[in-house]
Amino acid sequence: MPDRAPDISVVVTTFNGERFLREQLDSILAQTLPPREIVVVDDGSVDGTMAILESYAAADPRFRIFRNEENLGYVRNFEKGMQLATGALVALSDQDDVWLPHKLAVLRDRLGDGLIVYSDSELVDEEGRRLGRRMSDVMIQIGYDNCLMYAVGAWAPGHAMLFRRELVELCLPFPTLVTHDFWLGFTATCHGAIRYVDEPLVLYRQHRGNAIGAGTRARKAGRPRPTRAEKLARIRARMRLLYERCPAGNRQGKEVFRVIHESYRNFSPRNDWIRMVIFLRYRHLILAYKKKSAPMKLLFCLKMFFAID
């Protein structure tokens, strides 16, 4: 008999996902450690997604289906789903992946005293054919134990996470300036640690409809690249966000984010120098997730005197 996990909620968000949705829902139902509930929030689908969800809900009382009256976007949709979840542990699910049967069991066992645990993923194409690559072949996959590791980016994807329900309360309100999983990870490292399981537990489907695919940024094909002014405004806003939301009790993080935030106010030689020095001093944390050699990380920091990211 499979091990029962009454304290795990799976949160699924959907939007016009009929093509792959059944395969993902079936993989959730096939978990060796079954969740207590499956919360699904649909963001106004106009295809057959709702009919699929209603059929699953009719067959299994663990499904709780919600439909937004207006489109919220994927960050707000996940935020809503997380707030509706009641389990002590929460796992997020995209609508187009496939979970390996032991995903929840492994993550639950490896969470320990961390706030988040996440695993590697295996990349598959639209038809589910394995591409012979892991997410860790594309992006650095590591444990995170310091919020400065999120200063310029990180890669602990939500589709591979299991986290404690209380983390959601610490994250509210979720900003739309960054992705929901970035915000979960940043907030977790302000208060504790993120653990990493070096084993693929998700088949991560790559297709043109991905909101964010492996090794990509959330920028749709055909959308013009941001101008320097737009890029600067976004970086300033993100650094201000990290500084303001880093708790005062995290003294190192709060102070470093304050200095970085203030250095982006203008590009005077003094601010450029301060920014470069702070990146050099904390490069082993700030650049931990980047696939760069030690000399290249040093060069990245030196470029901060001239560049804006």
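Packing around the peptides 233-242, 289-298, 160-169, taken as the average count of other Cβ atoms within 10 Å per residue, puts them in this order, highest first: 160-169, 233-242, 289-298. What you get for region 228-303, charging only the Cβ of Lys and Arg (+1) and of Asp and Glu (-1), is a dipole of about 220 debye around the Cα centre. Strictly over 26 Å apart at the Cα level, which of LYS103/LYS231; LYS80/LYS231; LYS231/LYS292; LYS231/LYS291; LYS80/LYS290; LYS80/LYS254 would you flag in this model? Beyond 26 Å between Cα atoms: LYS103/LYS231; LYS80/LYS231; LYS80/LYS290; LYS80/LYS254. Among (i) 0.96; (ii) 1.25; (iii) 0.98, only one was calculated for this model; which label is it, if the read-out is Rg/Rh (Cα atoms, Kirkwood Rh)? Recomputing Rg/Rh (Cα atoms, Kirkwood Rh) here picks out (iii). Each of HIS102, HIS261 has some number of other Cβ atoms within 10 Å of its Cβ, and from fewest to most they run HIS102, HIS261. Database remark: amide H of SER45 closer than 5 angstrom to the amide H of ASN16 (H placed geometrically; neighbours at sequence offset of 5 or more, or on other chains; Pro and chain starts carry no H).
Here the gap between ARG22 and ARG234, fully extended at 0.36 nm per residue and compared with their Cα-Cα distance, gives a gain of 72.6 nm. Ranked for footprinting exposure by Cβ neighbours inside 10 Å, fewest first, VAL46, VAL90 give VAL46, VAL90.
Of THR189, THR13, THR32, THR49, the sequence from fewest to most neighbouring Cβ atoms within 10 angstrom is THR32, THR49, THR189, THR13.
Taking the C-alpha atoms only, the angle from helix 49-59 to the longest principal axis of the chain is near 50 degrees. Close amide H contacts of ARG133 (hydrogens built in the peptide plane, cut-off under 5 Å, sequence separation of 5 or more or a different chain): LEU123.
Net charge in the neighbourhood of LEU285 (other residues with Cβ under 12 Å of its Cβ; Lys, Arg +1, Asp, Glu -1) is +3. DSSP assigns beta bridges within the chain; of those with both partners inside it, close to 30 percent run antiparallel.
Determine the distance separating the Cα centre of region 164-203 from the Cα centre of region 255-300; give it in Å without decimals. Answer, in whole Å: 23. Calculated mean residue ellipticity at 222 nm for the chain: -11500 deg cm²/dmol, from DSSP H runs with n ≥ 4 weighted as -39500 (n - 2.57), summed, divided by the residue count and rounded to 500.
Only the coordinates and a few stated rules stand behind these numbers; no lab work does. Computed from a prediction, not measured in an experiment: that's the story for all the values here. Every residue, glycine as well, gets a Cβ built from its backbone with ideal geometry; the counts of neighbours run over all protein chains shown.
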